[in-house]
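Here's the structure, in structure tokens; my notes come after.
Nothing in this text is a laboratory measurement; each read-out follows from the coordinates by a stated rule. Since the model is a prediction, treat every value here as computed from it, not as a measurement. Using ideal geometry, Cβ is built from the backbone for each residue, glycine included, and neighbour counts are taken over all protein chains shown.
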Amino acid sequence: MNSLKHLKWGVTLAAAQTEGAYDKEGKGVSIWDTFTQKKYNIKDRSNAQIATDFYHKFKEDIDIAVDLGLTIFRFSVSWSRILPNGTGIINEKGIEFYNKVIDYCLKVGVEPWITTYHWDLPQKLQDKGGWTNREIITWYADYVEVLRDNFGDRVQNWILINEGVVCIGGGYFLGVHAPGKRGIKNFVSSTHHILLAQAKGFKVLKQNKELKVGTAISCTKIEPNSDAFADLKAAKRIDALMNRLFIEPHLGLGYPYDDLPILKRISKHYKEGDLEELKTNFDFWGIQTYAREVVKAAWYIPYLGAVQVKPEKRNSISSIMGWETYPEGVGYFLERFCEYDREKPLWLSECGMALSEEEDDQKRIEYYEEVIALMKKTLDKGVNLKGILLWTLVDNFEWAEGYIPKFGIVSLDRKTLNRKLKKSAHWLKQYLQKHAN
Ligand code: NOJ
């Protein structure tokens, strides 16, 4: 049986949130480059043109990870840095950059993990409809093939799509993330296509038998506001959307329209054999959970019939992200994934909390201590948890929230781009020295 001592520890980063160098050395425009140009899209009117400048400072960041005792370094590849037009001509400078990152990780003794897609679609593909266009299944598979052929000799662990439901929900349903599209029509077509793309990407990567390939699932604990039947049903609808939609089609269980009937609209986009194509036996699941949401029935909300009861309305505290930080979700979801399959390896592929600039970093330490206790509990029950990747190393560009929330264990001076370890980083180093291999 696994124990805390056997868990691997690492960090997760994403290209659009860290790299910067948005127009350097042949990189094409991504939908986030475009989205951040519009005036009111980002809370602090910032953009990610420089971000943490990981493009130039990757060695420094990898060195910090190593110094803290971390052994996994997960980063995402920017599609438009590799294929500036989304398809076709390869930008050799882009390949060179990720080669340098991978080789440096290997040199200093951390495992590089690749996320193939962390939300930064090439703008050229968005111009053709992005995820609403079924052709994207092929565009994505071809892109993944380029990654496999260039990096598959040295990178063993791969995550295909990061948090599909947030990416499609935010970008194609609510319009609060790039590319800023709204509406149920965009949502259902994009959902179907990104899941099919992921299934195809899996097959492409698995042509190399050495590779371990999984996906990263956003998980939000949903609770009803009361025992009233209407609230219980509302909670089931939101749970189907947030916690089942991106899992169950891959398990051959179909779309969860038993609880969320609007999902039947996805069938308009079915082609023969699609449901079979979606079935994917991932090598592992990546679980990413941050928050709890309490919901109640609301007939006036289209499609979902539910609203959130905000934390402050129920004597709870909102984090700077506006959500209720909920470490207990870690234990809850680890056990819930076991109901699908007890044997499947599980990773906490992101884990962290947002603080404001003013809040004491001690809170982050307490959060991680709680997470450790919860991991221990589930490991004792025999859950097949392999490790935890922290979100994140250096404070970065938090999408529509700009640079306001701080998720890092290392702070960033945005003028000098200097990094400074926070209390939580020192705590982590000590913890790993004492408890990890
Ligand atoms: C999950 C996303 O993958 C990541 O990009 C984001 O920054 C964190 N959640 C925090 O919101």
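Looking only at residues of the range 204-242 that are free of Cβ contacts under 8 Å to residues at least 40 places away in the same chain and in a helix (DSSP H, G or I), we find that the one that is nearest to the ligand (Cβ to nearest atom) is Asp239. The residue pairs whose first member lies in the range 408-430 and is under 15 Å from Leu390 (Cα atoms), whose second member is among the basic types (Lys, Arg) and surrounded by fewer than 17 Cβ atoms within 10 Å (Cβ to Cβ), and whose beta carbons are closer than 6 Å, counting only pairs six or more residues apart or on different chains, are Ser411/Lys420.
Can you say whether Leu346 is within 16 Å of the ligand (Cβ to nearest atom) and buried (at least 17 other Cβ atoms within 10 Å of the Cβ), as far as the supplied structure shows? Criteria not met by Leu346. Would you point out which residue out of Leu421, Leu379, Leu374, Leu432 is among the hydrophobic types (A, V, I, L, M, F, W, C), over 23 Å from Trp119 (Cβ atoms), away from the ligand (no atom under 13 Å from the Cβ) and out of contact with any strand residue (DSSP E or B) (no Cβ under 8 Å at 6 or more places or on another chain)? From the options Leu421, Leu379, Leu374, Leu432, the qualifying one is Leu374. Give the number of residues within the range 6-55 that are of a type in the set (D, E, K, R), closer than 30 Å to Lys429 by Cα and away from the ligand (no atom under 14 Å from the Cβ). The number of residues fulfilling the criteria is 2. Residues of the range 404-418 that are surrounded by 20 or more Cβ atoms within 10 Å (Cβ to Cβ) and either within 12 Å of the ligand (Cβ to nearest atom) or outside any loop (DSSP other than H, G, I, E, B) (or both): Pro405, Lys406, Phe407, Gly408, Val410, Leu412.
Of all the residues in the range 147-169, those that are more than 10 Å from the ligand (Cβ to nearest atom) and either part of a helix (DSSP H, G or I) or among the basic types (Lys, Arg) (or both) number 10.
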